[in-house]
Amino acid sequence: MQIICNKHAPAFVMALSGRMDRIAAMEFDKAFTELMKNGERCFVVDLKGLEYISSAGLRSLLSANQQLKAGNGQIRLCNVGGLVKEVFVISGFESLFSMYNSYAAAVKFK
Amino acid sequence: MNFAEILFLLALDTKQGIVRPEMERSLDYALAGALLMDLAIQNRVDTDMTCIRHDPKEESRDPLLLRVVGKSPTGDGLLDEALKELQYKSDPRPTREWLTHFSEEGKMIRARVAEQLAASKVLEIKEEKKLIFFKTRRYFLADSNGLDAIKSRMRELVLGDEIPDPREVVLVGIANSCGLFDELLSAEDLARVRPRINALRKLDLIGQAMTQIIREIEHTISTEMRPG
């Protein structure tokens, strides 16, 4: 999986592409923890290029959401489609996350 | 405590020292699920739904494949034996198949879990002679602190609107499979938070597969017992 990070103030954008399996989930956790340590609290995770997500990937996103909510932050997901969307529906993840159809809509924080 | 240990404690009637009768038939599947969920949380196995794409006909039957992704021991004897067994098959297999496989070892798993709990002084095991040849085991709580804390956290979690961490999601599924919420919450509260409990337990995919099998067993039992 590739993670491309960039700041789109006030949000921090993490664009994920490829396959989010256990190894990739650990990479995501590491990057996310580092950003949290640096004080980032507003995240947009762009899943446009994500082709696959396993349970480990779901757990990483859930953990990020839980940490942000506990720390008065927020996480938004955008461009969730294909198999990843099917997994989100089956697991009920769509009800826990703020989901946006486009990147432009997701990065608009008031 | 690992998930299997927590589940075993929740399934006990601690006054009588036995597994609650309503849990008897489903406990072995639930314990099998608890082992797999612990291995998943500890990054030794992972599950995915790729066969939705590979074979759409399989979707309604079992879309969840389980694969070993980490072979290093966890340090927990029971989990490490399960991890070794999972490695005997090189291809990813349906989670449901593994749940059935480990449920068939339910008697041994129950005994091992009880012994682990006794070793950590949470449970006291008493052996009683039944007739001349048979011995039965009864299990009594020696230290209820850990279990009380879990019950209290589960109550807080389902009554509030917090997002649980992945371990807590598994615990909600386990607590639900044991009927813990019927015991913890009033009928009114339970009716009100039932949708949240269902939503939370769905978040873990192995837990979903476990719940589905347990439901099927309960359905089979109720069909068999229906008169006519």
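The values are calculated or read from the model by the stated rules, or taken from the named source; none is laboratory data. Please read all numbers here as calculations on a predicted model, not as lab measurements. Cβ sites come from the backbone with ideal geometry, for glycine too, and all protein chains shown count toward neighbours. For the accessible areas, the whole protein counts, side chains as well, though only heavy atoms, and no ligand, DNA or RNA atoms are used. Shrake-Rupley method; radii C 1.70, N 1.55, O 1.52, S 1.80 Å.
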Check: Once you wrap a convex hull around the alpha carbon atoms of the range B:67-148, what is its projected area averaged over all directions, in nm²?
Finding: 7.6 nm²
Next item on the list: Compute the length gained on full extension between B:ARG196 and B:GLU128: take 0.36 nm times their separation in residues and subtract their Cα-Cα distance, giving the result in nm to one decimal.
Entry: 20.2 nm
Check: the range B:139-156 to the range A:93-110: how many Å between their Cα centroids?
Finding: 38 Å
Check: What number, in nm² with one decimal, is the all-direction average of the projected area of the convex hull of the alpha-carbon atoms of the range B:170-217?
Finding: 3.2 nm²
Margin query: Can you tell me the mean projection area, over all orientations, of the convex hull of chain A's alpha carbons? Units nm², please.
Written below: 6.0 nm²
Notebook entry, point to check: Considering only DSSP beta bridges with both partners in the protein assembly as shown, what is the antiparallel share in %, to the nearest 5?
Noted result: 60 percent
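Jot down the per residue volume, in cubic angstrom and as a whole number, of the convex hull over the alpha-carbon atoms of the range B:74-228.
Working: hull volume 30.5 nm³, N = 155.
Per-residue hull volume (Cα only) is 197 Å³.
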Margin query: At 1.4 Å probe size, put B:PHE133, B:PHE140 in order of accessible surface, largest to smallest.
Written below: B:PHE133, B:PHE140
Next item on the list: Distance between Cα centroids, the range A:11-73 to the range B:63-114: provide it in whole Å.
Entry: 28 Å
Margin query: Can you tell me which lysines have their Cα less than 28 Å from the Cα of B:LYS135? Leave out same-chain residues fewer than eight positions away.
Written below: B:LYS15, B:LYS107, B:LYS121, B:LYS126
Check: Near A:LYS7, which lysines are there with a Cα under 27 Å away, not counting those fewer than 8 places off in the same chain?
Finding: A:LYS30, A:LYS37, A:LYS48, A:LYS69, A:LYS85, A:LYS108, A:LYS110
Notebook entry, point to check: Can you list the residues of the range B:146-161 with backbone N under 15 Å from a point 7 Å past the Cα of A:ALA70, pointing along Cα to Cβ?
Noted result: B:153-154, B:157, B:161
